[in-house]
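To start, the structure itself, in structure tokens.
All of the numbers you see were taken from the coordinates with simple rules; none came from a lab. Since this is a predicted model, take the numbers as computed values, not measurements. Note that we place each Cβ from the backbone using ideal geometry, even for glycine, and neighbour counts take in every protein chain shown.
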Amino acid sequence: MTGKQMADLFWLAGDHQWRKYTGGQSPRELSPHMAFVAAAKLALTPEDFAHVLAKMAEFGALVEEDLAGDQHP
């Protein structure tokens, strides 16, 4: 995957953010929350993932994904 695709998968602002997790003298540690989002996006159908986002909205966590894969809290 490209850096942009990885950033989209992990809900990061862009590939420049993804590089902070993969390079440099002290790369950032990936949080369990980010790993969960990526795993869910890889394991679930788009419909099932949308169902999870709808469930989140029930308790006020509004996240909308556009067709490019970017998220908007």
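List the GluC sites (Glu not before Pro) within the stretch 1-66 that DSSP assigns to loop and that have no more than 16 neighbouring Cβ atoms inside 10 Å. Write down the numbers at each step before the final one.
Details: sites: Glu29, Glu47, Glu58, Glu64, Glu65; in loops: Glu29.
Passing sites in the stretch 1-66 are Glu29.
Would you kindly derive the ³J(HN,Hα) couplings of the stretch 18-23 from the backbone phi angles with the Karplus curve 6.51 cos²θ - 1.76 cosθ + 1.60 (θ = phi - 60°), listing them in order in whole Hz, with x for Gly and Pro?
Karplus-based 3J(HN,Hα) across the stretch 18-23 equals 4, 4, 5, 9, 10, x Hz.
Provide the per-residue ³J(HN,Hα) series for the stretch 6-11, in order, calculated from phi with Karplus coefficients 6.51, -1.76, 1.60 and θ = phi - 60°, each as a whole number of Hz, with x at glycine and proline positions.
5, 4, 4, 4, 9, 6
Just one of [x] 14.7, 50; [y] 11.4, 34; [z] 13.0, 41 is Rg and Dmax of the Cα atoms in Å as worked out from the coordinates here. Which one is it?
[z]
Among the lysines, which have Cα under 27 Å from the Cα of Lys20 when same-chain residues fewer than 8 positions away are ignored?
Lys4, Lys41
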